[in-house]
Structures are given as C-alpha cells and as structure tokens.
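Notes to accompany the following structure.
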Amino acid sequence: MIDLSVRVGSMTLANPVMPASGTFAEGLDRVIDFDRLGAVVTKTITRELRTGNPLPRVVERPGGVINAIGIPSKGVPYFFKETLPYYARYRVPLVVSISAPTAEGFANLAAELSEMPGVTAIEANISCPNIEEDGKAFAMRPGSTETVVKALRTATKLPLWVKLTPNTGDLPEVARAAEAAGADALVVANTILAMSIDLATFRPSLGNIMGGLSGPAIKPIVLRQVYQCARAARVPIIGCGGIATAEDAAEYMLAGATAVQVGTATFVQPDALIAVIDGLAKFCEKHDITRVSELTGAIRTDEADEADLAWVSPPQ
Amino acid sequence: MRSDGPNKTADSLDPGGKSPGSLWKASAAAQLADVIANTAINTEYRHLIVRCGGPAMQAVPGQFFQLLCPQPAGEQPYLRRPMSLYGVDPNAGTVEFLYKIAGAGTRGLATLQVGDRLDIMGPLGVGFTLDPAWKNIVAVGRGAGLATLAPLAVAARQRNIAMTAIFSARKPDLVLSVELFEAQNARVMPVTDLEGTSGPAHVELLLRGLIADGRCDAFFTCGSSRLLRVQQRLALEFGLPGQVALEQQMACGLGVCYCCVRDFNIGGEIVHRRVCWDGPVFDLLEAIP
C-alpha cells in the first residue's frame, strides 16, 4: 500500500492531487467523487459582483487553450449561502480562492472567510492575467507581492497559499517575497499571458484580446519555474501547469512540488484528477517508492554512478 | 488516438471509483462507445450511431454530449465538442448524433469508421419538458437544429401529444429527418430558401394558421434566431409557452468554466446563464436572439 499523503505546511492531505482554481465547481460531482481528492479549490471569489469578460472567452491552441473568462463572481453572500453549505457534505479540505483589486480588499475578504466554518485554507489569486489591464497583477513584482501577502497574513490565521504568476521576469525573487511576507505555500503558477488572431477575420480570437494559456503546451515552462521556486523558497510548492497525467504530476514533484493542481485536463477528461491520483500510486509502486512525498525534490542533478533509485525510498 | 491529452483506455471506463463509505454515484461519465454507423445522409450532414450503455442511456431530448473528436490530418482539436442528442435507444444501448462537417472537431468525427471507439461524455445539460396538459405542439427547426428536435418527436408521441414540425433549410435536399418525424406521426412542413418559403414573414403565416387551428399549445425551436424572434412575438401575442435549445461554444460542458454564457432576459433584468449547465434548453421568452 502506497502512502499517498502529503503535508502542505500544517495541513495533511490524503493525496497530493487537487483541482486548479477556475476548473472546478459543483457540476463535476456528476462525474467524480470529491472525497477522493487531496483538497478542492474553489473558483476565485471576489467581494464585488463580476460578470466576466466579453465573448469569446476560450480559444483552443495546439496542446491547450487560451482563456479570458475574467472571473465572473456572484459575490460573498452567494458564496456563504450556497457554495460553503454545498461543500459541507464532503470530508475533503476546502481551499477558497480569493481575489480583490487592492491589498486591503484581499485582507478584508480573507478575514471574513476566516470566520466561516468549513474553510480549510485560503488561496490568494494575486496572479490572474485577465482582471487587470495588460495582464498586470500583484505577483508581477516582489514589492507588490510582499505588500499584499503581508496584509493577508495579518488578516488570517488560516493556512495561506499564494498563487504566483509565470509572467514575471524574476519568479524566484517574487517567491522569496511571498515567503518572507508569511505565505504558508506557493502555488506555481497561473496561466501564461497569450493571444491569438483569427486569420479569416483579422480579429483577435478572444473578446478580451489577451488571455492566459494553459494545458500541456505550458508544462515544460512551469515545471522549470517550480524547480526554481523550490530552490528559492522553503515553504511547500504546489505545482500547477499542464498536468494531465500521473507522469506529469510525478515530474512536478521531482522538480520540487509537494502537491499538484490539475486544471485544463479536466475539460478534456472530467475524471483526470482521479486518474492522476490512481496513476501516482502505480508510479510509486513501479519505482519501489512507499511514500509519494518522497518524490518531492528527488530530481537527480548529481553524477551518481548507480542507475537504481533505491536511495529515494530506503528500506525502513 | 489523440496524442496531446489524457486518453481513455478500456480499463478506465469506471469513472474513478469512490471514497470509502461514500454514497456518491456518478450521473454522467466519459465513456468509450463503439461506432456502429457513421454515414453521410446528404452532401453536408452525417449520422453517427454509437453503442455504449451506462449513464448515456438516461439521456432525454434536448440534452447533449461532449465528444472527444479524433484528430483529423493536420488539425488538433483539443477540447471536446458539444453535440445534441439525436436519439437514444436503451434497449439497443445506442446513442445517435446528427452533425454537419463544419470545423476541426466534426472533420475528425467524419473519419470514424465502424468498429472505432469514440469517447462520449454525458448526458449533459437541461433538456425539453413536456407538459401533460398539452395536446398539440409545434417544433420549428433550421439546419442542424432539426437534429435537436428529433428526439422530442419521439417523446411527444409517447405522451400522445401531436407535433407539427416546420423544417427550414437552404434547399429541399438539405431538409433532414422528415421520415423520422413522420414515423412519429408528426406533420412536417418544409420551408426552404431556394423556394422562397423560409422567410420569417411566411413562417409567421404558417404559425398563425396552426395557432388558429388549435394545433399549437407550445413552441419548441432550435437553430434560427430569426424564427426564434417570430415565435417570441406570437408567444406573447397569444399567451403561449415555449422552449428554445441554444448553441454556444463550450469548454467544460459541466458548468465549471463559464465559457458558454449568454445574455437572458429574466423578468426584465439582463443576466448571464451558462448554456451547458442552465440549458441548453431555455424558456422561449427569456432567450435573447
């Protein structure tokens, strides 16, 4: 029996697999049992009501999609009245993704959520490329990251996950800033700012012109960023970018991720999350690894002369 | 086989099992279905029949499936493609679709051979509802919209509701499924662009005639904004109910991603609704053409 549990800061998850924010909602319960997941992560909520971006909101590209959904949000009262009670029927830890236009807004929303039973952790989405002009977001710079994470840290005692952007030139520096300001874990990363043009009409493919690229196409880029962040910060890294299979998840863990988020793959196979969990157990079995957590950071960069991987999981 | 994403394998038909002690049960699934037939029925449309059993057999008229289309040469459709239900036969274990080759996804579907397998996810969305008090309904469809209305003809007959179907197409040889509707005792009235009979004014005349004859307790429509407007006007004038099946580009199909929202008029307020989750069948008067 493989031990699939992982520790993310003070939290113990039954397994390292959870959905990426924005690719998960109640409707998926028609297809998968949420209690099999390591955690669930809600779609980002905001205090203000948001209708989202103009259509079209999604365009597919080879190996992925560009989206500019724009975080439609029904606001906080709806979340308390409908969403929180819905998840109360499950045992799985509930991570609530939040966004706000200002550091104070982030802090206020985090404080209000911290009062609510049923919220296990907060994921601060300081990196959505679709809600600020030109894809700017707090996580683009270490200074603004520090400001918002400090405000959040003061506002909540719940585990605080901070979702970083892949669209910055110095991600390790931003990761260090988030850690120093009190983040308990870093989610690396969000979508990659992108665009596409319809050659039949000369018009942008998306109503918002620019959007965020996700899916297998971005995996090698974000994998590298997880590797960099894991070396730059001591807090756990949650890898998120193009994971569709257990092999993808294992690769992220070897690069330094403690847990992983599966997003766009769910749009292709609605039970992708479950397939990744079951596949990780098989992967560990195949490599004689008894605890999945041993994969984290087990990438070999030395010039070891033996080919076997016995050192990853030494006999007890 | 697709190369860029997770593929179903024969042993992953089970939707992942459940947690210990869980009461959860799947009500939709991505299933591998065997292709029984995939034939051209005219120059533009093809008829696909697959066999799969499972949750797919619970599909009702107006619902849809998300098809993981094979990749045609030189193209890489990444997302699934929504396709409305054309027919379901629980005894035979079959699900049917009628599609027009229009893009990378449907070009991929056209490559399917008998014996191939197709990954279908469903049934999804909210279908049509038939009020037992209705004795006569009118279905108005254009193009592929007729495919969506076809299973409604079967459901209406089962409930002893008479259907009159106005079929609109560019030319007579593109009018679909007349035999299928007639086999359900539906009265079919084809109108075409070529014959100059498909314009809103002429269709309105036909509909007014049906209303006057007491043959229209409710409208059902799919496939034309212009004809939707005509029916909305008549529904208001005569106080008749109606339902419309709408299309929209989709990503997840399960109400998760908010890709497929449209504007609706709910009691005078314009609000977004997800076509995949709140629909694809909506109240006739709430839809905005």
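The values are calculated or read from the model by the stated rules, or taken from the named source; none is laboratory data. Just so it is clear, the model here is predicted, and its values are computed rather than measured. Neighbour counts run over all protein chains shown; Cβ positions are idealised from the backbone, glycine included. What goes into the accessible areas is simple: the full protein's heavy atoms, side chains included, and nothing from ligands, DNA or RNA. Shrake-Rupley method; radii C 1.70, N 1.55, O 1.52, S 1.80 Å.
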Classify segment A:174-316 from the C-alpha gyration tensor, please: rounded if a/c falls under 1.5, else prolate or oblate depending on whether a/b exceeds b/c. prolate
When each pair of different Cα atoms in chain A is counted once in the 1/r mean, what is the Kirkwood radius in angstroms, to one decimal? 19.7 Å
Over the residues of segment B:69-137, compute the C-alpha Rg and express it relative to 2.2 N^0.38 Å. 1.42
Note to self: with every protein chain in place and a 1.4 Å probe, segment B:29-124 gives an accessible area per residue in Å² of 35 Å²
Solvent-accessible area per residue for chain A at a 1.4 Å probe radius, Å²? 40 Å²
Would you mind computing, in nm to one decimal, how far apart the modelled labels at residue B:265 and residue A:82 are, each placed 7 Å from Cα along Cα→Cβ? 2.3 nm
What does a probe at residue B:131 reach in segment B:202-232, counting residues whose amide N is under 13 Å from the point 7 Å along Cα→Cβ? B:216-220
With the full set of protein chains present, the residues of segment A:27-46 whose 1.4 Å probe accessible area falls by 30 Å² or more relative to the chain alone are A:27, A:30, A:31, A:33, A:36, A:43
Once neighbouring chains are kept in place and the probe is 1.4 Å, which whole percent of the accessible area of the protein assembly as shown is contributed by carbon and sulfur? 53 percent
Within straight cross-link reach of residue A:219, meaning Cα distance under 15 Å, which aspartates and glutamates are found once same-chain residues fewer than 8 apart are removed? A:247, A:248, A:251, B:4
Dividing the Cα radius of gyration by the Kirkwood radius, what Rg/Rh value follows for segment A:78-161? 1.00
Keeping all protein chains in position, work out how much accessible area residue B:202 exposes to a 1.4 Å probe, and write it in Å² to the nearest 10. 70 Å²
If N is the residue count of the protein assembly as shown, its Cα Rg over 2.2 N^0.38 Å rounds to 1.03
11 Å beta-carbon shell around residue B:286, net charge (K/R +1, D/E -1): -2
Compactness check, segment B:29-124: C-alpha Rg relative to the 2.2 N^0.38 Å globular estimate gives 0.98
Angle, helix B:225-238 long axis vs. longest principal axis of chain B, Cα atoms, 0 to 90°, nearest 10? 50 degrees
Span from the segment B:150-166 Cα centroid across to the segment B:44-101 one, whole angstrom: 21 Å
For all pairs of alpha-carbon atoms in segment B:93-213, what percent lies in each bin of width 5 Å, listed from the first bin to the last filled one? 2, 9, 17, 19, 19, 15, 10, 6, 2, 1, 0
If you line up the long axis of helix A:246-255 against the longest principal axis of chain A, both from Cα atoms, how many degrees apart are they, to the nearest 10? 80 degrees
Short version: which residues of segment A:243-273 lose at least 20 Å² of accessible area, all chains versus chain alone, 1.4 Å probe? A:244, A:267, A:268, A:269, A:270, A:271
Can you list, largest first and rounded to whole Å, the semi-axes you get for segment B:162-289 by taking the square root of 5 times each eigenvalue of its Cα gyration tensor? 27, 18, 14
Compare each residue of segment B:249-273 in its chain alone against the assembly with all protein chains, and report those whose accessible area goes down by 10 Å² or more; 1.4 Å probe, heavy atoms. B:249, B:251, B:252, B:254, B:256, B:257, B:258, B:259, B:261, B:272
Could you tell me how many cubic angstrom of Cα convex hull volume segment A:1-115 has per residue? 160 Å³
Structure shown: which of A:43/A:81; A:81/A:150; A:43/A:163 lie over 20 Å apart, alpha-carbon to alpha-carbon? A:81/A:150
Chains A and B together, accessible area buried on both sides, 1.4 angstrom probe, square angstrom: 3400 Å²
Cα-based Kirkwood hydrodynamic radius, chain B, one decimal, Å: 19.7 Å
